[in-house]
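Take a look at the structure below.
The values are calculated or read from the model by the stated rules, or taken from the named source; none is laboratory data. What you see is a predicted model; the values in this text were computed from it and never measured. Glycine also receives a Cβ, built like all others from the backbone with ideal geometry; neighbour counts cover every protein chain displayed. Heads up: the accessible areas ignore ligands, DNA and RNA and are worked out on the full protein's heavy atoms, side chains in. Shrake-Rupley method; radii C 1.70, N 1.55, O 1.52, S 1.80 Å.
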Amino acid sequence: MLGAGRVIAIDRVPERLEMARAHGKAETINFDKEDVYERLNAMTDGRGPDRCIDAVGCEAHGTGGVDAVLDNVKDTVKLATDRAHVIRQAIFCRRKGGTVSVPGVYVGLIDKMPFGAVVNKGLTIKTGQTHVQRYGKSLLEKDRDGPNRSVIHHYSPPSP
């Protein structure tokens, strides 16, 4: 919609993956069936994606990694508020000098954050909860008008 040359959607729900393929023209990875890090490296010739978006936040259901198992155990016994597997994965998968955006919601402290990788790769981290008031109307219009709509209107709510 905003001109990305390539979009890769990562999920484990078949219906959402199909929606990403059909309506977003995205390539997809099912994280229950493939290792995300290995697959992204293969898809990008070892470079890694330019940008990663963690749109899930603290409720992520990571699988496969030791950190994901620890997040789930800590969540179960109420020793943690956030499951940070997805943000860690975004940091490790990113190419050097890239960006990780986090519109997903985190509510507390994150354990085992790989901040050394953030610094060593020179990553830019952008955060902020989704700006629903600003973009909600234009996104709903785009959905209503179909996938071939070529004009994007930015909606700014009236000043109070």
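The count of lysine pairs in region 34-144 with alpha-carbon distances below 27 Å, taking only pairs 8 or more places apart or on different chains, stands at 10. With the convex hull drawn over the C-alpha atoms of the chain, the volume per residue is 149 Å³. When a 1.4 Å probe is rolled over the protein heavy atoms, the share of accessible surface on the chain that falls to carbon and sulfur comes to 56 percent. Any chance you could check the Cα centroid distance between region 1-49 and region 96-133 for me, in angstrom? Rounded to whole Å, the Cα centres lie 19 Å apart. A full extension of the chain between THR76 and ASP32 corresponds to an added length of 13.8 nm, given 0.36 nm per residue minus the alpha carbon distance. Would you mind getting me the FRET efficiency between GLN129 and ARG6? Use the beta-carbon distance for r and R0 = 30 Å, nearest 0.05. E(calc), rounded to 0.05, equals 0.70. Gain on full extension, evaluated as 0.36 nm per residue between GLU141 and MET19 minus their Cα-Cα distance, stands at 42.1 nm. Spread over its residues, the convex hull of the C-alpha atoms of region 23-90 is 101 Å³ per residue. Each helix, a run of at least 4 DSSP H residues, gives -39500 (n - 2.57); summed and divided by the residues of the chain, these come to -11000 deg cm²/dmol at 222 nm.
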